[in-house]
Structure formats: C-alpha cells, structure tokens
Amino acid sequence: PDPAGEDDPNAGDGAGDSFADYQKSFDGSISVDGTSDAYGMPIVGNFHQLQELKKKHPNLKVLLSLGGWTYSKYFSDAASTDASRKKFVSSCVDMFIKGNIPSQGGYGGPGTAKGIFDGFDIDWEYPGSAGGHTGNHYKAADKQNYTALLQEFRPELNAQGSADGKTYALSAALPSGQDKISQGIETQQVGRILTFGDVMTYDMHGAWDKTGPTNHQAPIYRGPTDPLSHWTPGY
C-alpha cells in the first residue's frame, strides 16, 4: 500500500483490504471462539471475529477508525461542502452502522455487518496542515469544515441510535502539535460534539524536529523546560 514510502502521494489510494475485513475464513485454531468459519456464512474475516469477541464480552464497544496517517488524503474534499459532508457521513453510517457492506466474494450484502461497530473515530491527519502524509489535500477552510464534519456525524448517529435503541459514540484522534492545533482545530467547539477525544501525545516531539527543539515525545505533564511555545486554545 505504500510502495514509495513516505514520498508516495498515492500511498492510501485503493489500499483497503475487504478480503481481510469480511471474506477471509478463519479456522478453529485461530478464531476467537475456537470454531471454524463455515460455508454460507454472511460474513467471515476480521469483522466476524469482532462479532465473536463481542459475544464473549457483551459490554465491549468497537469504534471504526476513519482516516489515519496513510488514509487522510481526501478528508479535506469530503468535508469541503454541506453536500459532500452529508454524502460522506451517510455513506459511513449506511456501510458500518447499518451494516450494508458491499457483496464481494460471496459475502457481505445488506445488513450483514450490522451490530459490529458502535460508532466512529475520526482520525484526520491533519486538517489545514501540510504536516500530514505526502500528497494530502488541505486548505485553510479545513479548520471550520472539520467542526462541520463532526457536527454532521453527531445527529446522524443520534438518529440511528434512537432507531436501534442504543447510543453510538463519536470520537477523534486529535493532534498535539501546536502548529496543527492552531491551523486545523476549533478546540472550543469539537469537545461539545465528541463523545471523547484522544490526543496524539506521542507527536509532541520526534525525528521530524530536524534541528530541534527536543524534549519528551509523550509527556504526562507540561515540562517547564519544554522548548515548545505556549499556545492558547481558541474558537
């Protein structure tokens, strides 16, 4: 999926693996419940293993992560207009919450993945910033569009939750670098929309600091000698 390494602007294009998701059969030696997948099952693969895991642990919640380092290229486009946000969100809800995954290899189809996922985790790396993977699309309007995209997810998930008699979660992997926060996140807004957020604190410092500053990569507390300048969150 990444043949040219970090310099490949198309690394994530077409790199999904629907075979591993719900078409690969597991035998009893490696399955969660010790049974082998049988012919004629609606889905197999990793998705079915998640079904088995949730049967063993009824309180387990599984969120589907959208994006990531290699898969954030087109977030800016999907979030750019009201129409594109609606199309993107309704597609995600239809496929992964309602479970209408495509029929492929004799598996999948309407409703076959329903009940596996309990919400979404948005991992856009990064709105409004050139600091993501080579080739990522970004623009200044991403900052407001990111908030609007999250706001589009929230009522869609709430409405589906009401229909299903459950609560669907919306979380996000949020940047920790001040440059990425200031350029792409309306910090005082997103917390009102998300169920919870996870800050990528492992991104505070690293090899990308070519000439410094250096300090702890994942500090638990703010260090008094950390060379990063203080940034005041804003709307």
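The values are calculated or read from the model by the stated rules, or taken from the named source; none is laboratory data. Because the structure is predicted, anything quoted here is derived from the model rather than measured. Neighbour counts are summed over all protein chains in view; Cβ atoms, including those assigned to glycine, are modelled from backbone coordinates with ideal geometry. What goes into the accessible areas is simple: the full protein's heavy atoms, side chains included, and nothing from ligands, DNA or RNA. Shrake-Rupley method; radii C 1.70, N 1.55, O 1.52, S 1.80 Å.
Worth pointing out:
- A 1.4 Å probe run over segment 5-45, with the rest of the protein chains in place, finds 56 Å² accessible per residue.
- Cβ crowding within 10 Å averaged over residues, with 167-177, 50-60, 9-19 ranked highest first: 167-177, 9-19, 50-60
- Segment 1-47 - Rg (one decimal) and Dmax (whole number), Cα, Å: 15.2, 43
- Listed residues 32, 199, 62 arranged by accessible area, highest first, probe 1.4 Å: 199, 32, 62
- Value of relative contact order over the chain, rounded to a whole percent, pairs C-alpha under 8 Å and six or more apart: 16
- Residues of type lysines that residue 86 reaches as a straight line, Cα spacing below 21 Å, ignoring anything fewer than 8 places off in the same chain: 73, 98, 114, 139, 143
- Compactness index (Cα Rg / 2.2 N^0.38 Å), segment 1-119: 1.20
- Computed [θ] at 222 nm, helices only, for the chain once each DSSP H run of length n ≥ 4 contributes -39500 (n - 2.57): -8000 deg cm²/dmol
- Local electrostatic count, residue 217, Cβ distance below 12 Å [Lys/Arg +1, Asp/Glu -1]: -3
- With both residues required to sit in the chain, DSSP beta bridges show an antiparallel share near 15%.
- Alpha carbon centroid spacing (whole Å) that separates segment 68-121 from segment 1-53: 16
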